[in-house]
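Each value in this text was obtained by applying a stated rule to the coordinates, not by laboratory testing. Everything numeric here is computed off the predicted structure, so don't read it as measured data. Don't worry about glycine lacking a Cβ; one is built from the backbone with ideal geometry, like all the others, and counts go over all protein chains shown.
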Amino acid sequence: MHVQPSREDLIELTSLNPFERFADGRPRVPDDLLERMKLVTTEEAWGVLRKHGYHRQFEGSWMETHPGTITVGRAVTAQFLPHRPDYHDAVQQAGLREGRASVGGQNSWVIETLQLGDVMVVDIFGKVKDGTVVGDNLGTAVRTRTRAGAVIDGGIRDYQGLVQLSDVNFYVRGVDPTAIADVTLAGLNIPIRIGGITVLPGDVILGTPTGIIAIPPHLAQEVVEASEDIRVRDEFGKLRIGEGKYTSGEIDVPNWRADIEADFQAWKQARG
């Protein structure tokens, strides 16, 4: 057995990915798209995904260590299961063969794979007591490696230390002083369930005050461009309303009249 799928399996799992990949096969959505994604709202992303039939990509009701922070990054997924001795031993042996077991507990195995621009996404079945995936030490490691953060369907500890970190945000279900216990890593970079959504490795995680949304790589560019179009249209609409050329009723509709749309396209071309 293996802790993580092979490169070939990850490529097959994410076959619609149009971008380059990491060495292990995980999709690598370009850095410039991640940067542009930081201006996208949850609702704008949700609208594009819904149009393509992705109706279960949003999960809300999180506790955040850094409320108001916008979090964007490529998902590194992990799943934990309730402890079972024989299974736990099998995973430990696989970790030893793959050189993972020397870096600490199985939650550290996940953290040690993280890279700049990643978001660690962990399904630990909502467990908070004895389900604290990170404290301030491992949280510092997540921050140092990713400059983004984590989504944990479970708990954290050392909250007072975690909130002092910068350039990071942790979306969690709760806080508890206990250490992680009685769980076993089921897999790294596998499909996982976070609340009511499915997250695949390489999905773009967009975290806002509204919640988190998992964007498949093949839709990331469309999400960004649709959001940018909305922002430009808002700028144009407010400009023309301010000039008195159009009324708010003429602008605040889903589709503009042909003459307004033509005016918008000419304005956009003129401003480059």
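Annotations
- Potential extension, Arg193-His66 segment - 0.36 nm per residue separation minus Cα distance: 43.4 nm
- In terms of the mean number of neighbouring beta-carbon atoms within 10 Å, the peptides 60-70, 259-269 order highest first as 60-70, 259-269.
- Alpha-carbon centroids, region 204-272 and region 4-31: separation in whole Å: 31
- Antiparallel DSSP beta bridges within region 37-171, as percent of all bridges there, nearest 5: 5
- Reduced Cα scattering model of region 38-113, Debye log10 I(q)/I(0), q = 0.12, 0.23 Å⁻¹: -0.60, -1.10
- Report summary: the helix-based calculation at 222 nm, which adds -39500 (n - 2.57) for every DSSP H run with n ≥ 4 and divides by the residues of the chain, gives -11000 deg cm²/dmol.
- Angstrom value of the Kirkwood radius, inverse mean 1/r, which spans all Cα pairs in region 93-159: 12.3
- In terms of Cα atoms, the Rg and Dmax of the chain work out to 21.2, 74 Å.
- Here, P(r) means the percent of Cα pairs in each 10 Å bin from 0 to the largest distance; for region 88-225 it is 12, 42, 36, 9, 1.
- Only Lys, Arg (+1) and Asp, Glu (-1) charged, at Cβ; the chain dipole about Cα centre in debye: 120
- Tensor-based shape of region 1-147 (alpha-carbon gyration tensor, a/c under 1.5 rounded, otherwise prolate or oblate): prolate
- Each DSSP beta bridge with both residues in the chain is either parallel or antiparallel, and the antiparallel ones are about 55%.
- Rounded if a/c under 1.5, otherwise prolate or oblate - region 167-208, Cα gyration tensor axes: oblate
- Cα-centre dipole for region 157-272 with unit charges at Cβ (Lys and Arg positive, Asp and Glu negative), debye to 20: 80
- Packing rank of 147-158, 92-103, where each peptide gets the mean count of other beta carbons within 10 Å, highest leading: 147-158, 92-103
- For region 1-70, the convex hull spanned by the alpha carbon atoms encloses 169 Å³ per residue.
- The relative contact order of region 28-161 comes to 23 percent, based on Cα pairs under 8 Å that sit 6 or more residues apart.
- Peptide ranges 104-113, 48-57 listed from the most packed, as the mean C-beta count within 10 angstrom indicates: 104-113, 48-57
- Pairs of lysines in the chain (C-alpha under 24 Å apart; 8 or more residues apart or interchain): 5
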